[in-house]
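The values are calculated or read from the model by the stated rules, or taken from the named source; none is laboratory data. This is a predicted model, so every value here is computed, not measured. Positions of Cβ are backbone-derived with ideal geometry, glycine not excepted, and every protein chain shown enters the neighbour counts. Areas reflect the complete protein model, heavy atoms only, side chains present, ligands, DNA and RNA absent. Shrake-Rupley method; radii C 1.70, N 1.55, O 1.52, S 1.80 Å.
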Amino acid sequence: MTRSIFSWVAESLLLIGKKTGLTYNEVNVIVYYLIIPLSWTIMLDCWLHTFYFTAALILIWVGILLATRNIFREWCDWVFKDSVDFLNWFNRWGGNYELNSVIICVVLPLIVYGFLIYLLI
């Protein structure tokens with residue numbers, strides 16, 4: 001089951017990359033470091049009736065995009081490599097890259113979405 005989930009997510013990111021002309025690493029970073037957190041900040045700001053968290057994330061990403069405007073692909077490669085290293089750090093407890101990826105990049109975000117949806121209803 002873990003392998004199926006991991007494969008489905010990886011293949012989806014590859015397909016998005018092919019459709020957009022971005023590399024797998026770029027899509028991965030954009031999805032997991034921008035789109036998912038942005039959706040969380042929007043939901044949190046809706047619950048709090050503010051715009052602070054979303055505005056802060058947008059400002060951070062504007063800064064990142066300005067700072068990496070000529071090296072964004074290389075920056076994404078670096079961030080992706082560090083993300084892989086982070087996921088592999090959990091191998092010491094008997095996991096592997098695929099299992100750690102599914103837990104941290106699929107299950108954990110779904111739990112956060114569930115909590116935020118709970119707050120909003």
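Segment 91-109 and segment 1-27 have Cα centres lying 17 Å from one another.
The listed peptides 2-9, 34-41, 99-106, 63-70, ordered by packing as a protection proxy, come out as 99-106, 34-41, 2-9, 63-70 (highest mean of other Cβ atoms within 10 Å first). For PHE51, list long-range residues whose amide hydrogen, built 1.01 Å from N in the peptide plane, is under 5 Å from its own amide hydrogen. Counting only residues 5 or more places away or on other chains, the set is empty.
Scan [x] 13.4; [y] 15.8; [z] 14.1 for the value of Kirkwood radius over Cα pairs in Å calculated from this model and give just the label. Here the calculated entry is [y].
Computed from phi, the 3J(HN,Hα) profile of segment 103-111 under the Karplus parametrisation 6.51, -1.76, 1.60 (θ = phi - 60°) reads 5, 7, 9, 10, 5, 4, x, 5, 5 Hz, with x in place of Gly and Pro. Taking all protein chains into account, the per residue accessible area for the chain stands at 67 Å² (1.4 Å probe). To put it simply, the accessible area of the chain at a 1.4 Å probe is 72 percent carbon and sulfur.
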